[in-house]
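Student: Before I ask anything, let me first share the structure, which is written out below as structure tokens.
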Amino acid sequence: MLALVKLGTLLLRNAAIGLTQLEAALRNQVLYGGRLGTNLIELGFLDLDLLGVYLGEVSGLPVATRPLLDSVPAEILALVGSDLAHELGAIPLAWLADGERQLAVAMIEPNHGPYLDALSAQVGAPIAPYVVAELRAHYYLERHYGRPRQARFVRPGTRPVPGAAADRRRTQPPGGMVLPQPVTITPRSRRASTASPIAAPPVSPSVSLLEAVRALERADHREQIADALVDFGRGRTGALLVFIVRDGNALGWRGHVETTMGAHTRVEALSLPLGGASILQAAHDDARLVQGPPPTPGKTVERTLWESIGAAPEPAEVLAVPVVVRQRVVNLVYAHGLRGGALEPEVVGAITELVEHAQAAYVRLIQAAKR
């Protein structure tokens, strides 16, 4: 949190944003995740290039600009590899031209020692970190490595800010870089995986209602809110998914699915439009619990959801509960019963109670962020 506080303080001091804008960005960060700069951009309060300049000020490091990120050849990308690059939020750029052999790497967290150590061990050379804005990093990770972004980072919603400062001289080191001719890497098409789901063994409930409530009361980060809801659903539901609601879409965040292993990756790739005849749509529009058989004709939102997570058989009954914070639906909790059957009444009641505690936890985290 220290770097975030420094960034907010610097932006306020330089009148790049106002206090009200900072508070709005902090509130959105609690509700939707992402870094402070990401939320400022999405709210239209800051330009992405200008954010890079301020991240350079905060970190004291050179900035990974678009020209540098555009020019990375395939052999440099292969030094780190897709899995580690995504895990660390890091994009290799080039070998530095002068002095000790170092690999320049654009990083979301360029001052995080363990990440630098992991990259150095991978490439067998010291790392020269460059700072890069989170939204820009996710875009280039997808572009260069072909792995689709999480739905949370697909719609940046940027708005240009007039008079944005140019990148500073330190965006390149004095000795420069060894930059080969630009190479275009064709990204993988964004389509659902056709791989067959892997059957998962039965799961027994491991978290009681009281334990889940206590976890929500102790939560000091939004991820812990989602984890408490999902953990309670294990062994009690065929699926329990938590969606982020943004721009008329339900974006996959966390989830448990009884019929497939590795379902979290499928959940994170979900982006479901909230429209038409849908249980999720009804829960969102009415801001209340909706339970019953899903709409059956045609290609419904629920059927798209089941196909994406490998739910089988198709559930006979589904549940959607909105998480409402200050009159705004910020999450939708979806659930269906074990083996596609009906949900037990006590499970429905418990999920409803947990959602109320989740709402209170969000309010507490927002107040803490503003302080």
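The values are calculated or read from the model by the stated rules, or taken from the named source; none is laboratory data. The structure presented is a predicted model; accordingly, all values stated were derived computationally and were not measured. Methodologically, a virtual Cβ is constructed for each residue, glycine included, from the backbone with ideal geometry; neighbour enumeration extends over all protein chains shown. Each accessible area value is taken on the protein alone, full model and side chains, heavy atoms only, with ligands, DNA and RNA left out. Shrake-Rupley method; radii C 1.70, N 1.55, O 1.52, S 1.80 Å.
Student: Note down the net charge around LEU210, summing +1 for each Lys or Arg and -1 for each Asp or Glu among other residues with Cβ under 14 Å from its Cβ.
Tutor: -3
Student: Find the centroid of the Cα atoms in the stretch 118-139 and in the stretch 30-65, then give the distance between the two in whole Å.
Tutor: For the stretch 118-139 versus the stretch 30-65, the Cα centre distance is 17 Å.
Student: Give the carbon-plus-sulfur fraction of the accessible surface of the stretch 1-118 in %, rounded to a whole number; probe 1.4 Å, heavy atoms of protein chains only.
Tutor: Accessible surface attributable to carbon and sulfur in the stretch 1-118 totals 54 percent.
Student: Starting from the 7 Å offset along Cα-to-Cβ, what nm value, one decimal, do you get for the label separation of ALA342 and ARG328?
Tutor: Simple spin-label model gives 3.8 nm for this pair.
Student: Accessible area per residue of the stretch 275-343 at 1.4 Å probe, in Å²?
Tutor: Accessible area per residue, the stretch 275-343: 42 Å².
Student: Under a Cβ-Cβ cut-off of 14 Å, what is the net charge of the residues other than PRO126 that fall near it, where Lys and Arg count +1 and Asp and Glu count -1?
Tutor: Net of charged neighbours comes to -2.
Student: Here's a follow-up. Looking at the calculated P(r) for the stretch 275-332, what percent of the C-alpha pair distances fall above 19 Å?
Tutor: 29 percent
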